[in-house]
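Structure, as structure tokens:
The values are calculated or read from the model by the stated rules, or taken from the named source; none is laboratory data. Here the structure is a predicted model, which means the values were calculated and not measured. Every residue, glycine as well, gets a Cβ built from its backbone with ideal geometry; the counts of neighbours run over all protein chains shown.
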Amino acid sequence: MTAIAFVASRTEGAQQARQQMIDRYGDHPPEEADIIVAIGGDGFMLQTMHRSMNLQKPIYGLMQGSVGFLMNQFENDELDLPERLARAETAELHPLRMVAQGESGAELTALAINEVSVFRQTKQAAKIRVKINDTVKLEEMICDGILLSTPAGSTAYNLSAHGPIVPLGANILALTPISPFRPRRWRGALLQCDAKVCFEVLDHYKRPVSAVADAFEVRDVVEVSITEAKDVTLRMMFDPEHNLEDRILNEQFTI
């Protein structure tokens with residue numbers, strides 16, 4: 001029998017759903033489980049993926065939150081969880097690895113499943129130089145920020161910033177400006193997944209910038225380097241009728 005670890009967000013509905021699942025199917029520590037079932041919304045799913053990254057366990061999400069693009073539907077009366085897990089399709093993802101250098105010269109590293117973004121910290125717009133594979137592509141961009149998104153994250157903040165939706169398996173990353181002032185008409189770029197992206201912060205004392213990898217923030221950065229973490233593989237499980245590839249495709253036709 002499949003050993004399942006049930007984890008849930010702190011909301012009352014998610015906690016009640018977790019207890020119902022434990023009463024019905026039992027519970028195991030994540031370290032000893034075959035599959036981790038995350039009950040909540042997309043934010044909690046990202047937290048679970050970060051927390052269990054070293055365990056290399058597949059994660060199946062059940063929707064009990066406000067946003068559930070990464071989750072499967074929770075239908076308690078009809079839920080036969082072992083059967084659904086046996087039928088589920090697995091999507092493999094590689095996160096982005098961010099190396100952020102601060103004003104002191106210290107470097108901090110973090111992984112991002114959705115996106116790495118840089119933002120202005122004050123009322124003044126940021127000035128950022130963009131380099132791809134050690135070649136300068138934008139000498140100076142004046143903006144609120146810029147982000148690099150994975151395919152899984154392309155329907156999140158990237159889409160809100162008018163970036164493109166990227167299908168899974170396309171081996172493409174989306175580079176998207178956030179409220180660009182100059183060059184005003186630059187709308188971003190699509191990059192190969194093995195591209196090395198570097199954001200150099202210009203005039204950083206006057207125009208301080210933060211770097212964020214999903215929910216991990218580093219303030220007062222002077223340079224941010226991003227590569228795909230090929231050495232890290234995340235596995236997410238979806239019901240066949242609602243797999244992630246179909247959701248990304250359907251999102252492109254949502255009006």
When every residue in the range 67-121 that is among the polar types (S, T, N, Q), crowded, with 17+ Cβ neighbours inside 10 Å and not in a loop (DSSP other than H, G, I, E, B) is compared, the one farthest from the chain's Cα centre (by Cα) is Q101
In the range 28-52, residue nearest to T2 (Cα to Cα) [restricted to those that are out of contact with any helix residue (DSSP H, G or I) (no Cβ under 8 Å at 6 or more places or on another chain) and assigned to a loop (DSSP other than H, G, I, E, B)]: D34
I'd like to check something: does the range 227-235 contain any residue that is within 25 Å of L55 (Cα to Cα), touching a Pro at 6+ places or on another chain (Cβ under 6 Å) and small (G, A, S)? yes
How many residues are farther than 25 Å from V221 by Cβ and of a type in the set (S, T, N, Q) if we restrict to the range 80-109? 1
Tell me, please, whether a residue that is under 17 Å from N114 (Cβ atoms), in the same structural domain as L108 (by TED's automatic domain parsing) and under 15 Å from the mean Cα position of the chain (by Cα) can be found in the range 196-203. no
From the list I146, I132, I142, I128, pick out the single residue that is surrounded by 23 or more Cβ atoms within 10 Å (Cβ to Cβ), more than 27 Å from D42 (Cα to Cα) and of a type in the set (V, I, T). I128
